Amino acid sequence: MSDNDTHYQTKIWLDEPESDNPFAARASYCAGYDVFGDLLGKISWSDYLFLMFRLERPTEKQSRLLHELTVVLSHPGLRDHSVLAAMNAGVGGSTAAASLMAALGVGAGQLNGGHEVFLAMDIWQRCEMDIEAWHTEILNPPVSEVADIWDPLEHIAGFNPNSNVSNTTLIQALTHLASLSQNGPLQWLCDNRIELEKATQCGLSFSSIAAAAFHELGFNSEQGEMLYLILRLPGAGAQALEQKQYGWRRFPFYNDGLTLLGNQPGTPVGDTNLETENG
């Protein structure tokens, strides 16, 4: 067995072991930078994410754009399915990990989810900032001939099939991020939003903003999908913990449909009877 067979192959991370303990790190390097010697105290979280995924420090423009994007994405809002999934898990007493997994599982799909970002970034790679190419894509979306775990998409990736106009908060976010774009994809998306809405009969979704931003920052589709999933977790996690503290009696849908019969709190679980609206 060669020496290479006993080591992970990675350009991202390097640990130098302690002289007296090969299982503990004396120094850790991310993309060549000493994390605890050079980066700690000098780099923001968003810049650190950029370094891990791109293996280089962001420019000042890239740093500002990714920082602002993290604010846009950190809490998807109470109408987002991933946040609702985390809240349901939290109020049901699930562990922290289970609540986050619920948010990831529900938020991974093709309706403002992670995979929609992947597909929307693919559109950016094909069409770039060519409005005619976008019109062609909208009228004749490509059909993959490769078997996939995902069902065929029923709408154009990055657009909201449940609304024919973009909502106010989305426009606010897009306008702000476009101001940092300097004639890049986000500025183009902002300038052409109304025309795209007319062509698709759909408003934009936040997955579209994320896809344009990640494309502008130089990430590929798989990196954009992964970052989108990561960046949306803080809001889901905070909401899950809050609902767990409030308890199920203050949670919609459960209080009127679930009633304890006979036994009082403290009765052994095996002796507790539950009745639901469906019996």
Under 5 Å, built H, 5+ apart or other chain: amide partners of SER94: none
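Within a 10 angstrom radius of the beta carbon, how do ILE138, ILE209 rank from fewest other beta carbons to most?
Working: ILE138 17, ILE209 26.
Result, fewest neighbours first: ILE138, ILE209.
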GNM top mover of GLU154, GLU68, GLU195 - the chain, alpha-carbon springs below 10 Å: GLU154
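Suppose every Lys and Arg Cβ carries +1 and every Asp and Glu Cβ carries -1, with no other charges. What dipole size does the chain come out with about its Cα centre, to the nearest 20 debye? Kindly include the intermediate steps, with their values, before the conclusion.
Details: 15 positive and 34 negative charges, 188 e Å.
Using Cβ point charges on Lys, Arg, Asp and Glu, the chain gives about 900 debye.
Hey, fewest Cβ within 10 Å first, where do GLU145, GLU242 land in order? Provide the component values of the computation, followed by the final result.
On the way: GLU145 5, GLU242 12.
So the residues, fewest neighbours to most, are GLU145, GLU242.
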Note, ³J(HN,Hα) from phi for the stretch 202-210, Karplus 6.51, -1.76, 1.60, rounded to Hz, x at Gly and Pro: 9, x, 6, 10, 5, 4, 5, 4, 4
Distance histogram for the chain (every C-alpha pair counted, 5 angstrom bins, percent rounded to whole numbers): 1, 5, 10, 12, 14, 13, 12, 10, 8, 6, 5, 3, 1, 0
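What is the stretch 70-236's relative contact order, in percent, from Cα pairs under 8 angstrom and six or more apart in sequence?
Numbers: 213 pairs, mean separation 59.8, N = 167.
So the answer I get is 36 percent.
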Long-range amide H partners of GLY203 with built H, under 5 Å: ASN160, SER163, ASN164, VAL165
Per-peptide average of other Cβ atoms within 10 Å, ordering 199-207, 16-24, 77-85, 156-164 highest first: 199-207, 156-164, 77-85, 16-24
Selection from CYS30, SER144, SER74 lying farthest towards where the dipole of the stretch 13-144 points positive, charges on Cβ: SER74
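FYI, it's all coordinate maths here, none of it is from the lab. This structure is a prediction, so every number in the text was calculated from the model and none was measured. Glycine gets a Cβ as well: all are built from the backbone with ideal geometry, and neighbour counts include every protein chain shown.
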